[in-house]
Amino acid sequence: MPSVSEIASVSEAAEVFVRAAEEGSRVSIEHAGGDIVLSTERLDQVLEHEAGDLTCIVEAGVRVRDLNERLVEHGQMLALDPPGNPTIGACLAANLSGPRRHRYGTARDLVIGVTVVLGDGMVASSGGKVVKNVAGYDLAKLFCGSEGRFGLIARVALRLHPRPEAARTLAVRVDSAAAAAAKARAILRSPVEASAVDVVWPGWLAVLIEGSQAAVDAQFAAAQALVGGAEDAGSIWEEAAARQEWSLGRVPFAPGELEETLGALDEAVVRVSAGLAYVPGTAADPRDPAELALLERIRAQFDPAGVLA
């Protein structure tokens, strides 16, 4: 049986990796597979919050929902909304996102600095506490989507956004792939500044509009006049989150191929602008062999002894 190491500091994480390298053991981060399973549950501190700069520094075990609850009093938010309540470290390691990806991007777009622990115990940092920072190599972007194969993400500097005053959701019934594609295209090409545009397939186009109350009301009316539909109290986003969380595969598609993609799927949650469909069944790895080979070369540079499982 693997042993579980619940680290509470960067130095403790480094010690685990050094010891594993000396003993020839393998370490997995937050999942089974290694002789030692590293847990970031106790790395749960918000280390800094610069409200005036709209940035914060957190440890990897801080959970998204918990961080946003702390930011409410400052009128700010981390604009990541993946399903469930994952840790910040998990968001970066898997480059997680939710419906607001349409407006704010993925974890990769919101991280401005990172501290990592490599397989040999080396601690490395890059980036900084401000949004415009070009010092050093951009480890933060490199580690996004690394799935724990390059090292442990221990601390993260994040870009925050003002919390919107109001939000309304327009739910539009779509009876065919052609109708879904046409109505989604109409929203994307319009002046409507949506925070999210998803197709919950089959059946619905969902549009989230956020901002000041007056602006939201005006934008909602414009979107409704354009594609019809009615206001939803938020249940459609709960459905989208549940389906995304249960999904086993992701199907990418090129711009302009939404109709063809929907026509080939029985069920999916589709991030329209991202060109990504979350599907119940497994799907082939969308990365090409060259990309996978590059990732393996990077992994070998960061973890030459193969400590990370």
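Tell me yes or no: at least one residue of region 174-196 is in contact with a His (Cβ under 7 Å, 6 or more places away or on another chain), closer than 17 Å to Ser273 by Cα, touching a residue at least 24 places away in the same chain (Cβ under 8 Å) and not in a strand (DSSP E or B).
Checked region 174-196: at least one residue is in contact with a His (Cβ under 7 Å, 6 or more places away or on another chain), closer than 17 Å to Ser273 by Cα, touching a residue at least 24 places away in the same chain (Cβ under 8 Å) and not in a strand (DSSP E or B).
Determine whether Ser176 is among the hydroxyl-bearing types (Ser, Thr, Tyr) and modelled with pLDDT of 95 or more.
Against the criterion (among the hydroxyl-bearing types (Ser, Thr, Tyr) and modelled with pLDDT of 95 or more), Ser176 qualifies.
Let's see how each residue does on (1) acidic (Asp, Glu); (2) under 25 Å from Ser247 (Cβ atoms):
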{"site": "Val114", "(1), (2)": "no, no"}
{"site": "Asp120", "(1), (2)": "yes, no"}
{"site": "Val123", "(1), (2)": "no, no"}
{"site": "Ser126", "(1), (2)": "no, no"}
{"site": "Leu152", "(1), (2)": "no, no"}
{"site": "Leu170", "(1), (2)": "no, yes"}
{"site": "Ala184", "(1), (2)": "no, yes"}
{"site": "Leu188", "(1), (2)": "no, yes"}
{"site": "Leu205", "(1), (2)": "no, yes"}
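Condition (residue is at pLDDT 95 or above, more than 24 Å from Gly105 (Cβ to Cβ) and either exposed (fewer than 14 other Cβ atoms within 10 Å of the Cβ) or of a type outside the set (Ser, Thr, Tyr) (or both)) applied to region 288-298: is it met by at least one residue?
The answer is no, given that none of the residues of region 288-298 is at pLDDT 95 or above, more than 24 Å from Gly105 (Cβ to Cβ) and either exposed (fewer than 14 other Cβ atoms within 10 Å of the Cβ) or of a type outside the set (Ser, Thr, Tyr) (or both).
Here's the yes/no breakdown for (1) out of contact with any Phe, Trp or Tyr (no Cβ under 8 Å at 6 or more places or on another chain); (2) open to solvent by 10 Å² or more (accessible area, probe 1.4 Å); (3) acidic (Asp, Glu):
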residue	(1), (2), (3)
His161	no, yes, no
Glu165	yes, yes, yes
Arg168	no, yes, no
Val172	no, no, no
Asp175	yes, yes, yes
Ala178	yes, yes, no
Ala186	yes, yes, no
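Give me the strands (runs of 3 or more DSSP E) completely within region 13-80, filtered to those with at least 3 residues that are among the β-branched types (Val, Ile, Thr) and free of Cβ contacts under 8 Å to residues at least 60 places away in the same chain, ordered by residue number.
none
Every residue in region 1-29 that is closer than 18 Å to Val114 by Cα and open to solvent by 60 Å² or more (accessible area, probe 1.4 Å), please.
Passing the criteria: Ser11, Glu12.
The values are calculated or read from the model by the stated rules, or taken from the named source; none is laboratory data. No experiment lies behind these values; they were computed from the predicted model shown. Neighbour counts run over all protein chains shown; Cβ positions are idealised from the backbone, glycine included. Quick note on the areas: whole protein, heavy atoms, side chains included, nothing else; ligands and nucleic acids left out. Shrake-Rupley method; radii C 1.70, N 1.55, O 1.52, S 1.80 Å.
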